[in-house]
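Throughout, read-outs are computed from the coordinates displayed, never taken from laboratory work. These numbers were taken from a predicted model, which means no experiment stands behind them. Methodologically, a virtual Cβ is constructed for each residue, glycine included, from the backbone with ideal geometry; neighbour enumeration extends over all protein chains shown.
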Amino acid sequence: MIKIVDRYILKELIPPFTVSLVFFSFIFLLSRILDIADMLVNFNVSFGAVLRLIIYSVSFFLQYTIPMSVMMAVLFVFIELSGSNEVLALKSGGIGVLRLLPSVVVFCLFGTFLTGIMTFYGLPWGKFSFKKEAYEIAKTNMAVSFKEKTFIDSFEGFALYINEIDQEKNIMRDIFLEDMNSADIPVTITAPEGRILQKDSGYTIELLNGSIIQIDKKDKSVHKTSFGAYTFSIDLPESLISENIQKKNEKEMYYLELKKYINGFDEKNSDYYSALLRLHEKFSIPFACIFLGLIGFSLGLRNKTGKKSSGIIYGIFLFVFYYVLFALGLSLGESRPEIYPPFAAMWIPDFIMFILGIFLLYLAVKEKNINLNMFSRD
């Protein structure tokens with residue numbers, strides 16, 4: 001009888017977990033989908049490249065959507081079991097509330113395992129692969145790197161502002177360029193029109209009918225020169241590009257790479273603490289599955305309403321609460337590590353959710369009803 005109940009609960013948990021995972025991952029993906037769709041429609045980026053960017057992007061979100069989906073699945077299932085009086089029937093048959101917990105723990109450990117795969121392997125792989133793919137797209141289609149009404153300072157030695165871009169005609173209008181290669185004589189270039197040219201040596205920008213303004217700081221003089229066409233290269237040296245692309249930051253490192261990177265610091269600076277935060281993050285987020293699942297179990301058991309809609313709202317609220325604690329810990333751990341060390345920054349949110357889960361479980365065992373609209377005891 002007991003094993004049948006465990007199998008039944010585990011079987012019931014899978015469908016809502018799958019639906020929640022797809023739904024929440026799609027919601028997270030929406031934050032990037034507009035930029036990706038813009039590449040596909042306006043910049044003639046291949047569908048294969050766009051699809052790869054989407055796959056890489058999903059790996060960023062799964063470390064958060066898996067724990068959230070675990071909690072929502074447990075919450076949904078036990079709201080349903082409580083609402084249909086199946087929990088009451090089990091209790092009448094001598095199966096207590098705590099006896100229902102092992103199947104939930106097994107499911108939460110499964111979620112912890114999946115999340116661990118994402119934090120240890122999925123996230124570094126996705127982040128690094130996304131960066132390389134974005135570079136390849138920019139290398140073959142430099143127009144992706146330009147945006148209207150935005151100062152672009154990602155190119156070495158100058159800053160660029162473009163008021164309007166006509167993608168069909170490959171024409172830029174109202175262009176402002178500041179050449180920062182010479183500190184003594186800053187050069188400002190303006191042009192009403194320009195275009196991107198592709199040559200064997202790379203990409204260049206051609207400005208038309210503009211002017212060059214030079215300010216000599218030594219003799220405090222200003223020189224202005226008009227031109228019909230002015231062409232300059234925007235390519236970085238290949239050696240520098242290769243070095244930047246291959247160099248990983250903390251989020252792009254696998255566990256052993258991150259450990260080696262941390263051990264290589266001679267002194268504890270901001271980079272050291274940032275890397276240490278990422279190391280603890282790889283463990284704290286997966287373990288959040290267990291504590292969030294415990295909260296979902298307790299709330300679902302003693303839900304008065306029996307409505308899944310209220311469960312969705314309450315579940316999202318609790319996850320946002322956890323995420324706010326996590327983001328706050330991450331921020332304080334990076335800015336004030338002497339007060340809020342990385343270990344505390346990453347594990348205190350888990351500890352708070354654990355305490356909350358134990359408290360709610362206590363109420364469930366004591367049969368104190370929990371209203372999903374607010375905490376109240378009968």
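At a 10 angstrom cut-off on C-beta neighbours, averaged per residue, how do the peptides 57-64, 295-302, 269-276 rank from highest to lowest?
Ranked by mean Cβ neighbours within 10 Å, highest first: 295-302, 57-64, 269-276.
May I ask you to order 282-294, 108-120, 67-79, 339-351 by the average number of other C-beta atoms within 10 Å around their residues, highest value first?
Going from most to least packed, we get 67-79, 282-294, 108-120, 339-351.
In the structure displayed, which of LYS218/LYS248; LYS147/LYS282; LYS127/LYS147; LYS132/LYS169; LYS147/LYS247; LYS218/LYS247 lie more than 30 Å apart, Cα to Cα?
Cα-Cα > 30 Å for LYS218/LYS248; LYS147/LYS282; LYS218/LYS247; rest within.
Given R₀ = 56 Å, FRET efficiency for GLU133-ARG99 by Cβ-Cβ distance, to 0.05?
0.70
So between GLU164 and SER31, what do we pick up on full extension, going 0.36 nm a residue minus the alpha carbon distance?
45.5 nm
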